[in-house]
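No value in this document is a laboratory result; all are computed from the given coordinates. All figures in this text were calculated on a predicted structure; none of them were measured in a lab. Neighbour counts run over all protein chains shown; Cβ positions are idealised from the backbone, glycine included.
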Ligand SMILES: [Zn+2]
């Protein structure tokens, strides 16, 4: 027999703290609370969605109403935020950003960094110079728009800081999204060799930058090596590091500027960083001071299947050591039925049956979400596979 506390004894009658009726009510209440919390959990699971961003250009001639329709459609399909490329005028981002916010989308201004078309405020000598002494200003590599600036010129940084700063001042802009934050491709992705008729088995001076007077001088000052007299500069590790550091330096100084305005800084980068980005475009992006990184894990450019997206996602997540989120960039094939006959790799990409795999392996290897290049290239069949894949909860299997 348990001892009954004295306080509960009165007139030799036992009073229980709760009578039967109250107890029953309490139990009913408790089970109700339990049921509600279960259904909240279920709802959370049902409403769970992989975070998704999309690279999008515009606005072109679109009216406000057309933009509203476009953005609410994207939101309904499961897009959470836009990396929006609308030129360099802050007014454009103000107008489009207001509509994006109204649709419930995050809004980042996506603007190329080192690749800048000539204009009066950019001096010709600020453009990068290749190993043959040719300037990207008037003799760009590969294509006419490959006019890259030298990251070592103070004028380059001042121009970028002012341009990005003006756009970060726009209230509707959540962040700045850097792109072309790199050197020109010293080696092209394997899938592009045929398109340009090149065999890029090693670094060639035509595509190797920057040998401008300032870079050559500063490197000699730092290391004592006159890089112009070196037979094969690709064998000089310090010369590689010197150029990784120039890009890292630009990013980190921009980061300070943009964050001081209360805005985020993120970037589209090549896959890796070690397997691809450092080797072909000199991006040591695991050292960059960003809020998030968006590797363009475009498997078709590297003649790889969708599983490869998981491998490079794991590499990136491990290099970052979970310091910042990584969103896996996926390249969408706009005409899936023609992919096999299509010669131009720009028209390749994930077909609907591959999209689910690419999302799954990205998430299983530690991505915080994905980013589509581009939502406009998605066919209805893509959206069907996309909807299935983004509602699943993935278990991260990436080993540390
Ligand atoms: Zn230079």
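Could you tell me the extents of segment 259-327's C-alpha atoms along the three principal axes, largest first, rounded to whole Å?
Projected onto its principal axes, the Cα set of segment 259-327 covers 41, 21, 18 Å.
Set the Förster radius R0 to 56 Å, insert the Cβ-Cβ distance between residue 397 and residue 123 as r into 1/(1 + (r/R0)^6), and round the FRET efficiency to 0.05.
0.65
Sort the chain into rounded, prolate or oblate with this rule: let a ≥ b ≥ c be the square roots of the eigenvalues of the Cα gyration tensor; rounded if a/c is under 1.5, and if a/c is not under 1.5, prolate when a/b is larger than b/c, oblate otherwise.
The shape class here is prolate.
Send over the semi-axes of segment 181-225's equivalent ellipsoid, whole angstrom and largest first, taken as the square roots of 5 times the C-alpha gyration tensor eigenvalues.
Whole-Å semi-axes of the equivalent ellipsoid: 28, 10, 8.
Pick from 320, 372, 303 the residue whose mean-square fluctuation is largest in a GNM of the chain, springs joining Cα atoms under 10 Å.
The residue that fluctuates most here is 303.
Any idea what the relative contact order of the chain is, in percent, if you count C-alpha pairs under 8 Å spaced at least 6 apart?
Once normalised by length, the contact order is 15 percent.
Please work out whether segment 138-186 counts as rounded, prolate or oblate from its C-alpha gyration tensor, where a ≥ b ≥ c are the square roots of the eigenvalues and a/c under 1.5 means rounded, while otherwise a/b larger than b/c means prolate and anything else oblate?
prolate
If you take every DSSP beta bridge fully contained in the chain, what fraction is antiparallel? Give it as a percent rounded to 5.
Bridges in the chain are about 15 percent antiparallel.
Remind me, relative contact order of segment 327-366 in percent, using alpha carbon pairs under 8 angstrom and six or more residues apart?
Once divided by the residue count of segment 327-366, the mean separation gives 40 percent.
So what is the 222 nm mean residue ellipticity for the chain from helices alone, if each DSSP H run of at least 4 adds -39500 (n - 2.57) and you divide by all residues, rounding to the nearest 500 deg cm²/dmol?
-12000 deg cm²/dmol
Top mean-square fluctuation among 184, 325, 233, Gaussian network model of the chain, C-alpha springs under 10 Å?
Fluctuation is largest for 233.
In degrees between 0 and 90, to the nearest 10, how far off the longest principal axis of the chain does helix 64-77 point, with axes built from Cα atoms?
60
Connecting C-alpha atoms closer than 10 Å in a GNM of the chain, tell me which of 134, 91, 315 has the biggest fluctuation.
In this elastic network of the chain, the residue with the biggest mean-square fluctuation among 134, 91, 315 is 91.
Along the Cα→Cβ direction, 7 angstrom out, place labels at residue 260 and residue 337. What is the inter-label distance in nm?
5.6
Pairs of Cα atoms under 8 Å, at least six residues apart: use those to get the relative contact order of segment 232-363, whole percent.
21
Helix 154-168 versus the longest principal axis of the chain: what angle, 0 to 90°, nearest 10, using Cα atoms?
Around 30 degrees separate the two axes.
For segment 276-290 and segment 305-346, what is the centre-to-centre distance using only Cα atoms, to the nearest Å?
Here the answer is 17 Å between Cα centres.
Express the C-alpha Rg of segment 266-400 as a ratio against the empirical globular expectation 2.2 N^0.38 Å, rounded to two decimals.
Its radius of gyration relative to the 2.2 N^0.38 Å reference: 1.01.
Test of understanding: what is the full-extension gain from residue 289 to residue 216, defined as 0.36 nm times their sequence separation minus their Cα-Cα distance?
23.6 nm
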